[in-house]
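Contents: one structure, followed by commentary.
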Amino acid sequence: MSRDKRFPPLPGVRERRFVPTRKGQPVAARSLYAVIFDTVRAIPHGRVATYGQVALMAGLPGSARLVGYALHTLPEGTDVPWHRVINARGRISLHPQFGGLLQRALLEAEGVAFGPDDTVSLEEFRWQGPGMTLPFSGEGASSPPGLRN
């Protein structure tokens, strides 16, 4: 799989290299989770990114669920700012009793505001990443392939 040329690599994130297995299927030489964690670490304080956006920037378009699975494996006290990743509707996906309230508190402590419908304004708080321009508001706005609006 080659990287989408429209999105430059993130600073400090190494490209994935594949090595063939005995069955000819490619296997990441570096853990896919590690690539996802590096991408999430790049999200700045006070900004959010969607699961699909993280997947796309990590070179894994269409793998939003993989991002969720990876973040779910993080140990308590991790340096990965998992709380900055929300769903495509601007909502926290975690149940309030199982991390959702903590995620909201961490985001609010960083200055991320929630509307009356418990959503984050993606137009205001979405991190666009280095070299990314994501026209997600207004008429004619469309998402890049692999990234839902």
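What are the residues in segment 31-68 that are aromatic (F, W, Y) and farther than 19 Å from D79 by Cβ, if any? Steps first, please.
Of all residues in segment 31-68, those aromatic (F, W, Y) come to 33, 37, 51.
Listed by number, the list holds a single entry, Y51.
Look at segment 65-86 and say how many of its residues are surrounded by 13 or more Cβ atoms within 10 Å (Cβ to Cβ) and either in contact (Cβ under 8 Å) with a residue 60 or more places away in the chain or charged (D, E, K, R) (or both). Adding up the residues that qualify gives 1. S142 fulfils the conditions (1) at pLDDT 95 or above; (2) at negative phi; (3) out of contact with any helix residue (DSSP H, G or I) (no Cβ under 8 Å at 6 or more places or on another chain) except for a single criterion, (1).
In segment 42-70, what residues are hydrophobic (A, V, I, L, M, F, W, C), touching a helix residue (DSSP H, G or I) at 6+ places or on another chain (Cβ under 7 Å) and more than 20 Å from E108 (Cα to Cα)? Can you show your working first?
Keep residues of segment 42-70 that are hydrophobic (A, V, I, L, M, F, W, C), which gives 42-43, 48-49, 54-58, 60, 64, 66-67, 70.
Checking the rest, the ones that are also touching a helix residue (DSSP H, G or I) at 6+ places or on another chain (Cβ under 7 Å) come to 43, 48-49, 54-55, 57-58, 60, 64, 66-67, 70.
Those that are hydrophobic (A, V, I, L, M, F, W, C), touching a helix residue (DSSP H, G or I) at 6+ places or on another chain (Cβ under 7 Å) and more than 20 Å from E108 (Cα to Cα): V54, A55, M57, A58, L60, A64, L66, V67, A70.
The single condition from (1) within 24 Å of A34 (Cβ to Cβ); (2) modelled with pLDDT under 95 that S137 fails is (1).
The values are calculated or read from the model by the stated rules, or taken from the named source; none is laboratory data. Here the structure is a predicted model, which means the values were calculated and not measured. Note: ideal-geometry Cβ built from the backbone for every residue, glycine included; neighbour counts use all protein chains shown.
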